[in-house]
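Undergrad: Below is one structure. I have some questions about it.
The values are calculated or read from the model by the stated rules, or taken from the named source; none is laboratory data. As the structure is a computational prediction, the values presented were derived from the model and not from experiment. Using ideal geometry, Cβ is built from the backbone for each residue, glycine included, and neighbour counts are taken over all protein chains shown.
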Amino acid sequence: MSDLASIARGGVLRATVNTGNRALVQPVEGGFTGISPALGRRLAEEIGARLEQVVYSGAGKVFDDALNDRWDVGFLAIDAMRAKSISFTRPYHTIEATYAVRVGSGIETPEDADRAGLTVLTSTGSAYDMWLTANLKAARLERSGTPGESFEEFRGGRGDAVAGVRASLERHFAGDRGYMVLTGTVAKVEQAMVLPGPDNPAIKALDDFVARAIADGFVATHL
């Protein structure tokens, strides 16, 4: 058995789907589109396994299950803290995180949100949560559950700005004139395929798989 095929056990590949990141996953009738589900399908086909999609509503929950034998391959942002529990491939895509704010709030740029007396709401365990934890200087950082939950709590009046993946924020607040998504970027987040455990022996084979998917245009086609 090849190192790549060893990722699936018993002929089944359990691949995560994070519906909280709309830049990578888009729910459609009967399933999911987007680059992450597409990579999961391609990997299953390449190793001859049946694909089983394990659906999560946020990246933090995917990471929490990394050592609980709930999935075989996942899709997460590269982060040094996460490397203690999972192994990363090279990045296959970089996404932007930014803020949604209320129109008339006086917050026009990400820097405007980082002021004393303001509160930034974020999704627990997300890559941008980790970035904000390390980099926010003056504003108060508060956490909610999944990205969708944090967006709804912001609608309900909590916080002065809510962080999220740009594509997810734009979809969630589209058509609502009371809110706007800032044009500026809070953080750029590199996305990778991941395996459970640090120094997973199959990570090189999976990294080679990602390299091929980038080189032959598969990734670009599904973004």
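Undergrad: For region 111-178, which fully contained strands (runs of 3 or more DSSP E) count at least 2 residues that are under 24 Å from PHE63 (Cβ atoms), touching a residue at least 24 places away in the same chain (Cβ under 8 Å) and under 20 Å from the mean Cα position of the chain (by Cα)?
TA: Counting at least 2 such residues, we get 119-123, 161-165.
Undergrad: Give the residue that is farthest from GLY125 (Cα to Cα), with candidates limited to residues of region 29-58 that are assigned to a strand (DSSP E or B) and not hydrophobic (A, V, I, L, M, F, W, C).
TA: ARG50
Undergrad: Can you report the number of residues in region 42-75 which are touching a helix residue (DSSP H, G or I) at 6+ places or on another chain (Cβ under 9 Å), within 26 Å of PHE218 (Cα to Cα) and among the aliphatic types (A, V, I, L, M)?
TA: Residues meeting the conditions: 7.
Yes/no per residue for (1) outside the structural domain of ALA211 (by TED's automatic domain parsing); (2) surrounded by 21 or more Cβ atoms within 10 Å (Cβ to Cβ); (3) assigned to a loop (DSSP other than H, G, I, E, B):
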| residue | (1), (2), (3) |
| --- | --- |
| THR16 | no, yes, no |
| ARG22 | no, yes, yes |
| PRO27 | no, no, no |
| ASP69 | no, no, yes |
| PHE75 | no, yes, no |
| THR89 | no, yes, no |
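Undergrad: Ok, one more. Starting from region 50-62, keep only residues that are among the small types (Gly, Ala, Ser), then list their pairs with residues that are part of a helix (DSSP H, G or I) whose Cβ atoms are within a distance under 7 Å, requiring at least 6 positions of separation or different chains.
TA: SER57/GLY148; GLY58/PRO147; ALA59/ALA127
Undergrad: Sticking with this structure for a sec: What single numbered condition from (1) out of contact with any strand residue (DSSP E or B) (no Cβ under 6 Å at 6 or more places or on another chain); (2) surrounded by 14 or more Cβ atoms within 10 Å (Cβ to Cβ) fails to hold for ARG212?
TA: Condition (2) is where ARG212 drops out.
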